[in-house]
Each structure stands twice: as structure tokens, then as C-alpha cells.
Amino acid sequence: MRFSRMVFSVVCMLLLCGGQWGPNTVQAQSFTVQNRPSKGSVTPGQSMVITPIVQGSGGYTGTTALTVSGLPTGATATFAPASVSGAWAVSVLTIATASSTPAGTYTITVTGTGGGLTETSAFALTVGSSFTFTHPGILIDAAQLATMTSNVGSSPWKTALANAKASSFGSLTYTATPSASVDTDTSQGTYLMDDAEAAYTQALLWCITKNTTYATNAIAIMNAWSSTLTGGFNGSNEYNTPAWAAGVWAQAAEIIRYTYVNGSGVSYWASSDITQFQTFLTGQFVPMLTNDRGQGNYGGNLHAATAAAMIHIGVFIGDPGTFFRGLWMWRYALPAYVYEPGDGSYPAPPIDWTASYTTSAHMVTYWYNQATYPEGVSEETCRDLGHTRWGFGALANGAETAYLQGVDLYGESSLGTSNAVRMQDGLEFNADYLNGATPPSTLCGGTLTMGSSVGTGEIAYNALVNRRSMSLPEMSAYLTSVRPTGANYFMNWETLTHYMNP
């Protein structure tokens with residue numbers, strides 16, 4: 001009887017209860033709809049772009065019509081296009097709110113209909129004109145600054161501090177070299193980046209040593225540029241240089257504004273100079289950060305750096321709209337930079353790509369001719385691991401500042417995968433090869449270029465391991481071999497500021 005019941009149960013499972021029988025069973029055609037990102041915030045009057053991704057299975061290659069419901073009062077929605085075809089296809093959905101759209105959080109539902117099937121995917125849209133910012137709170141907050149200061153008597157922080165003080169950026173006689181405009185193909189671009197790093201280095205050294213010369217140096221550097229640069233950017237890196245530098249400028253300004261204060265808590269940095277510096281950020285940098293770069297093959301590290309810069313600027317100028325725009329950029333950038341199997345046949349397209357341009361051929365080209373996608377591979381892995389570290393460093397910067405402002409980006413999900421897990425998988429996958437593993441022939445043709453970067457992932461490691469208790473053994477081994485880290489572009493003194501500093 002026991003045997004007969006077992007046979008009946010197996011037959012029921014396979015024939016009557018929806019199970020599969022043997023290798024020749026035909027899978028029914030179906031599709032899924034996933035929104036990237038899955039949530040976002042805007043101020044009334046702002047717009048939000050979402051990428052619905054349709055992934056077919058069981059041979060589904062039909063046409064899927066897309067509609068949207070749940071919009072708040074005054075908001076409109078436009079699909080480009082309103083229907084997509086194929087086993088993997090994307091549309092671009094723009095939701096535009098009105099100045100009269102009521103504050104609140106709304107569940108926006110994207111519905112796909114095709115082949116007699118209907119699938120839905122939800123998006124959480126928050127509309128609001130206010131946000132409470134915490135200061136100092138760009139990349140490092142007051143508690144972390146205090147921990148950093150208390151650590152510098154021990155290794156590796158002691159060496160990191162000595163390196164910062166001995167660097168050109170930490171010179172007590174440092175002077176800025178501003179220009180009225182920045183040709184990024186000349187030394188003007190180098191001076192802008194160097195001076196931003198110097199301002200940040202001097203601000204950190206002020207916090208640690210309490211030598212006011214460092215603070216006044218930082219102020220002099222920031223005032224020199226904010227009173228001089230009025231003509232914007234040009235040259236081959238006219239988008240890159242503002243993205244690399246803007247966040248660093250905001251980091252320096254935030255520390256000085258909120259820590260170099262008198263007994264009443266009033267900043268020694270003159271209020272008129274602070275206002276001038278805010279105008280410098282919004283007038284010279286934000287237009288370049290929000291410029292539609294179109295379908296150019298701009299690396300994912302640039303998109304991540306742009307997101308971090310917008311997040312940082314939003315905090316310093318106290319503008320929710322700028323901050324929300326940066327968060328949206330970050331949520332868009334991460335799943336376009338690190339692949340997970342749940343993403344579908346191809347990775348998510350980068351920001352600013354139209355649906356018509358997002359083809360499988362263009363995606364393969366954008367991923368440096370990588371046509372297969374193991375878990376954790378990055379869009380720039382086959383470019384070189386230096387640029388890949390840039391991408392992870394920028395993503396970590398943006399996520400860190402968001403966290404200090406009460407927005408846990410790692411606690412969210414993209415395309416069905418936790419952002420923390422996606423970041424973990426990406427860091428571990430690439431660190432394996434930084435640690436000397438031999439790539440298979442299916443990855444970048446079996447050859448990886450190491451590249452160069454001072455970016456190590458220290459900030460991301462601190463967030464994932466020390467805050468979230470996640471395991472990153474490859475990253476642990478890699479970081480142990482390169483600490484303490486130096487300073488370059490937007491990756492500056494990460495061991496000093498964030499090693500064991502949750």
C-alpha cells in the first residue's frame with residue numbers, strides 16, 4: 001500500500017498537479033514584466049523615468065502592450081514605445097508630476113498584455129517637497145569623524161594619516177589654481193580635480209589635528225574656485241570631470257561648514273562664501289550632471305559617479321529635488337552595472353538609452369563584447385578592473401551618503417535581487433581576479449586587463465561587512481593587500497575614513 005500510494009502521488013504530481021514529465025515536455029509560453037528601478041521620489045513638478053523590462057520564456061517572442069495605472073492626481077505617463085516585441089525587450093516610461101500633485105506614496109502598476117497573458121509589476125512613487133537632512137552627512141558623519149580621529153594612533157590609520165599629511169594635497173602651504181572655464185583636455189581639468197581633492201584632504205586633516213591652517217586652506221581653495229569658475233566645461237571629458245570632482249567638492253564643503261564652527265555652532269566660513277559655493281555647484285556642475293548624454297557608450301563608472309555627485313550636492317545645498325534625482329540615478333545605475341541571473345537574458349540598459357537603441361547587439365558592445373553574463377560580472381569587467389573599481393567606488397560613495405541621510409539603498413531591491421547582494425556579488429566576482437584567479441575563456445576571451453586605480457572598495461566593504469554582517473572573503477583578502485589606500489579622483493583616503501568605521 002505504501003508503494004502504491006507513492007506511485008499515485010508521483011503520477012498526480014506529474015500529470016494532474018502541474019508537474020513535468022520527462023525531457024520532451026513543452027513549457028508553456030509566458031513572460032514577466034520588471035520595473036527598473038522599483039521605487040523613487042520626486043518633488044511636485046519633477047519627472048521620473050522607469051525602464052519596464054519584458055522577459056519571455058517558453059519560446060515567447062510576441063508583442064506585449066504596456067499600460068500604467070495608479071497615477072496620482074495631475075501626473076501623466078508616457079511609454080516609448082507603448083508595446084514591445086521579442087523574448088527580451090524594454091520600454092522607457094516617463095512619469096511627469098504636476099506642481100499640484102499631492103504629497104504621498106503611490107503604487108504605480110505597469111501591466112503587460114500579450115499572447116493571451118497579462119502580467120504586472122509595481123513601482124512605488126513618493127511625491128514630496130520636503131526632506132530632513134543630517135549634517136555633517138556627506139560620505140562621513142560626525143560619529144564617523146570622531147571614530148576616525150580616535151583611530152589614528154593605531155595601524156593602519158596611523159600610516160594613512162601620515163600619507164595624507166605628506167601628500168601634496170595635505171601641504172600646509174597648498175594654493176589653488178582656479179580658471180574661469182575648464183578645458184578638460186588641458187591642465188585646467190587636472191587643477192580642478194587636484195584642488196577638490198586637496199580641499200577634502202585639508203578638511204579631514206583639520207578634523208583630526210585641529211590645526212586651523214588646514215581649515216582655512218580648505219576655505220581658500222573652495223572660495224578661489226567658486227569666485228572664478230563661471231564659464232563651464234568643455235573638451236573630451238566635459239561630462240566626466242564634473243562628475244568626478246563635484247562630489248569631492250561637496251564632501252570638503254560639508255565638513256568645513258559643519259565642523260569649523262565657533263562656540264555657538266556658527267561656521268567660520270562666511271555665509272556669503274557658502275552661498276557662493278552653493279551657486280558654484282548648482283550653476284557649473286549640476287547642468288553637466290543632468291545633461292542627457294544619449295546613447296553614447298559612456299562607462300558605468302561615469303553614471304555611478306554622476307549619481308553620487310548629485311546625492312552629495314543635494315545634501316550640501318539642502319535641496320530634496322537634487323537629492324532625489326541622485327537617488328534615482330543610483331537606483332538606475334546599479335543593476336545596469338552588475339549582472340544577476342534574475343535580470344533576464346541581458347543586463348539592464350544604462351541611463352539615457354532609448355528603447356529603440358537597446359538591442360541585444362548594442363548591449364553586447366556596451367559590455368565590451370561580453371555576450372554571456374555570469375553572476376556578478378560588471379559592465380566594465382572586460383574593459384579593465386581599474387575602471388571597474390571606479391564604478392564600485394562611486395556606487396559606494398552614493399550609497400554611503402544616502403545611508404547617512406536615512407535612505408538605505410542597499411536594503412532595497414532591483415529586478416528581484418537585493419541591492420546589497422548585487423553589490424556583494426559584483427565586488428567578490430571582480431576581486432577574485434584582482435587576487436590572481438585565472439579567467440575562463442568565456443569571460444573577456446580569457447584575458448583580463450588589470451588597469452590601475454586607488455579605489456579599493458573599502459567604503460562598500462565597511463557598509464556590507466561591518467554594518468550588514470555579509471561575507472566578502474575575496475574583498476577581505478584584496479583589501480588586506482592594499483591598505484592603507486591613497487587619494488585619486490573621487491576615491492580619497494578610504495582606509496583613513498572608513499576602515500572599521502560603521
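We did not get these values from a lab; they are worked out from the coordinates using the rules stated. Note that the coordinates shown come from a computational prediction; the quantities given were computed from them, not determined experimentally. Ideal geometry is used to build each Cβ from the backbone, glycine not excepted, and the neighbour counts take in all protein chains shown.
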For 301-310, 217-226, ranked highest to lowest by mean beta-carbon neighbours within 10 Å, the order is 301-310, 217-226
Helix 187-209 sits off the longest principal axis of the Cα atoms of the chain, rounded to the nearest 10 on a 0 to 90 degree scale, by 80 degrees
Given 456-469, 437-450, the highest-first ranking by average Cβ count within 10 Å works out to 456-469, 437-450
log10 I(q)/I(0) for the stretch 30-127, Debye formula on C-alpha points only (no solvent), q = 0.15, 0.17, 0.20, 0.22 Å⁻¹, two decimals, reads -0.55, -0.67, -0.87, -1.00
Largest first and rounded to whole Å, the semi-axes √(5λ) derived from the alpha carbon gyration tensor of the stretch 352-443 read 24, 19, 12
Footprinting proxy, His135, His498: sorted fewest to most Cβ within 10 Å, the residues are His135, His498
Treating only Lys and Arg (+1) and Asp and Glu (-1) as charged, each at its beta carbon, one finds that the chain has a dipole about its Cα centre, in Debye to the nearest 20, of 900 debye
In Å, the C-alpha Rg and Dmax of the chain are 24.6, 91
To the nearest 10 degrees, the tilt of helix 300-317 (Cα long axis) against the first principal axis of the alpha carbons of the chain is 60 degrees
Mean shadow area (nm²) of the C-alpha convex hull around the stretch 110-177 is 11.6 nm²
If unit charges are put on Cβ atoms (+1 for Lys and Arg, -1 for Asp and Glu) and the dipole of the chain is taken about its Cα centre, the option from Gln284, Leu409, Gln188 lying farthest towards the positive end turns out to be Leu409
A chain fully extended from Asp292 to Thr118 at 0.36 nm per residue, minus the present Cα-Cα distance, gains in nm 59.3 nm
Burial-style ranking of 357-369, 198-210, 244-256, average other-beta-carbon count within 10 Å with highest first, yields 244-256, 198-210, 357-369
Between the modelled labels at Ala98 and Ala28 (7 Å from Cα along Cα→Cβ) the distance in nm is 4.2 nm
So Ala437 and Ser47, fully extended at 0.36 nm per residue minus their Cα-Cα distance, gain in nm 136.0 nm
Log entry: pair-distance distribution for the stretch 392-502, C-alpha pairs binned every 5 Å from zero, whole % per bin is 2, 11, 21, 24, 19, 13, 7, 2, 0
